[in-house]
1. Within region 314-326, how many residues turn out to be touching a residue at least 24 places away in the same chain (Cβ under 8 Å) and under 15 Å from Ala216 (Cβ atoms)?
2. Does region 10-31 contain any residue that is surrounded by fewer than 13 Cβ atoms within 10 Å (Cβ to Cβ), under 24 Å from Glu96 (Cβ atoms) and at pLDDT below 60?
3. Residues Ala216, Ala163, Ala198: which one is over 30 Å from Lys68 (Cα atoms) and modelled with pLDDT of 85 or more?
4. When the residues of region 262-289 are narrowed to those that are buried (at least 17 other Cβ atoms within 10 Å of the Cβ) and outside any helix (DSSP H, G or I), which ends up modelled with the highest pLDDT?
5. Let me spell it out: the conditions are (1) in contact with a helix residue (DSSP H, G or I) (Cβ under 8 Å, 6 or more places away or on another chain); (2) surrounded by fewer than 13 Cβ atoms within 10 Å (Cβ to Cβ), and Gln88 meets all of them except one. Which number is the exception?
6. Test Leu129 against the stated conditions and say whether it is in a helix (DSSP H, G or I), hydrophobic (A, V, I, L, M, F, W, C) and touching a Phe, Trp or Tyr at 6+ places or on another chain (Cβ under 7 Å).
7. Does region 135-146 hold any residues that are in a helix (DSSP H, G or I) and either touching a residue at least 60 places away in the same chain (Cβ under 8 Å) or crowded, with 18+ Cβ neighbours inside 10 Å (or both), and which are they?
8. Which residues, taken from region 290-301, are among the hydrophobic types (A, V, I, L, M, F, W, C), part of a helix (DSSP H, G or I) and either farther than 15 Å from Ala221 by Cβ or touching a Cys at 6+ places or on another chain (Cβ under 6 Å) (or both)?
Amino acid sequence: MTLKARLQRWRTADIIDAATAQRIQTYEDSKPGFGFSTAMFALGALAIVLGVAAVVASNWDAIPAIPKLVAHAILNAALAAGAWRAAQTGRTTLGEILLFLLAGLTLTFIALIGQIYQTGAPLWQALSLWLLVTSPFLFLLARAKFTIACWILSLWTTLGTAAEAVEYRLGHAHLDVTFYTLVPFLMIGIGEWKTLRARWPVWPWLVTVAGYALIACVVSAAQLAWIDEFDREFRDHRAHLFPAFLAALAAASAMAALRRVKWLEANSLVANIFLFVSILTGFAPLLLRHPHWPVVGAGIFMAYWALIGWSGMRLGHRGVLNLAIVVIALRLVVVYVEVFGNLLSTGVGLIASGVLLIALVWAAGKLIRKLGHPK
């Protein structure tokens with residue numbers, strides 16, 4: 001819904017008057033936006049960068065090593081200076097575009113150094129160096145959600161590649177503790193830290209969302225374990241996952257205590273319920289001996305996403321509730337395919353599938369309209 005439509009709806013409901021609506025509209029119109037000219041400028045800048053890369057690549061072997069490094073360094077320095085200047089002059093959109101290009105070209109610069117000098121360094125070391133170099137600049141200047149989300153994905157990628165490199169040294173137990181507990185809980189704790197949010201509003205909120213999203217994805221993926229029979233090598237499997245389970249409970253308890261003393265900025269009851277239920281739900285199929293139970297896994301999956309929708313509604317995030325309704329509806333379709341898959345090749349099966357799909361879409365839309373717009 002556009003801002004004009006929202007203002008009209010609020011005026012109709014006597015929430016604001018005409019003067020207030022006009023002031024809000026004027027303020028939003030004065031803010032810099034990603035308009036048509038800015039988009040064309042961004043595409044033009046990207047075309048120039050790609051064109052330079054194509055020209056260099058066509059004569060790559062003929063160009064000496066030093067000119068390659070110097071030209072790339074000059075380009076990076078120009079982008080850094082432009083991003084800094086844009087931030088000083090308040091040209092937010094231009095600055096975000098230059099920051100994004102600077103981060104990408106810094107990674108290619110590191111790759112160029114590795115190619116010229118044949119360092120043979122593993123991928124995780126290159127990504128770690130890239131994060132170390134670019135993160136301070138992004139922390140200082142980046143405010144666009146897309147840029148911050150790309151940085152978070154890069155962080156997860158770096159951690160994942162590093163885990164593969166050190167797995168033979170640390171073992172499964174240490175990795176489970178790190179990636180199922182420390183990473184998402186640390187992200188949530190940093191993002192909900194009240195002092196940090198007061199001084200640095202954009203990054204902490206997105207880091208918190210990423211931490212909760214990571215937990216939701218991991219717990220949802222863990223429900224696939226109900227499909228396989230979990231009986232063989234049960235003790236060995238539980239031995240390296242049980243420390244992660246205990247570490248997760250300890251981390252959730254610590255965060256609950258920090259919320260109680262108001263160090264973390266969150267709804268204590270809703271956040272604590274979500275975290276503890278996520279831990280129990282995520283580790284249940286991995287720690288409990290069970291036969292082939294796909295229906296149980298589907299039921300727990302839908303119940304868990306119902307909890308996600310409830311949490312989003314209680315915290316005022318209507319989009320989370322809408323997403324949960326859609327995910328549950330899609331999971332119901334998958335359950336139908338799993339149970340009645342052999343009927344899909346017949347006409348009756350196709351008709352029933354179509355009716356079920358229409359009914360689910362209709363029900364999901366009705367729930368979104370009813371629950372997603374509380375009075």
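The values are calculated or read from the model by the stated rules, or taken from the named source; none is laboratory data. Here the structure is a predicted model, which is why all the values come from computation and not from measurement. Methodologically, a virtual Cβ is constructed for each residue, glycine included, from the backbone with ideal geometry; neighbour enumeration extends over all protein chains shown.
1. Result for region 314-326: 5.
2. Yes, region 10-31 contains a residue that is surrounded by fewer than 13 Cβ atoms within 10 Å (Cβ to Cβ), under 24 Å from Glu96 (Cβ atoms) and at pLDDT below 60.
3. None of the other options fit; the residue is Ala216.
4. Leu264
5. With (1) in contact with a helix residue (DSSP H, G or I) (Cβ under 8 Å, 6 or more places away or on another chain); (2) surrounded by fewer than 13 Cβ atoms within 10 Å (Cβ to Cβ) applied to Gln88, the lone miss is (1).
6. no
7. Looking only at region 135-146, we keep the residues that are in a helix (DSSP H, G or I), and these are 135-141, 145-146.
Leu138, Phe139, Leu141, Lys145, listed by residue number.
8. We begin by selecting, within region 290-301, every residue among the hydrophobic types (A, V, I, L, M, F, W, C); these are 293, 295-296, 298, 300-301.
Pick out the ones that are also part of a helix (DSSP H, G or I) and you get 295-296, 298, 300-301.
Selection gives Val295, Val296.
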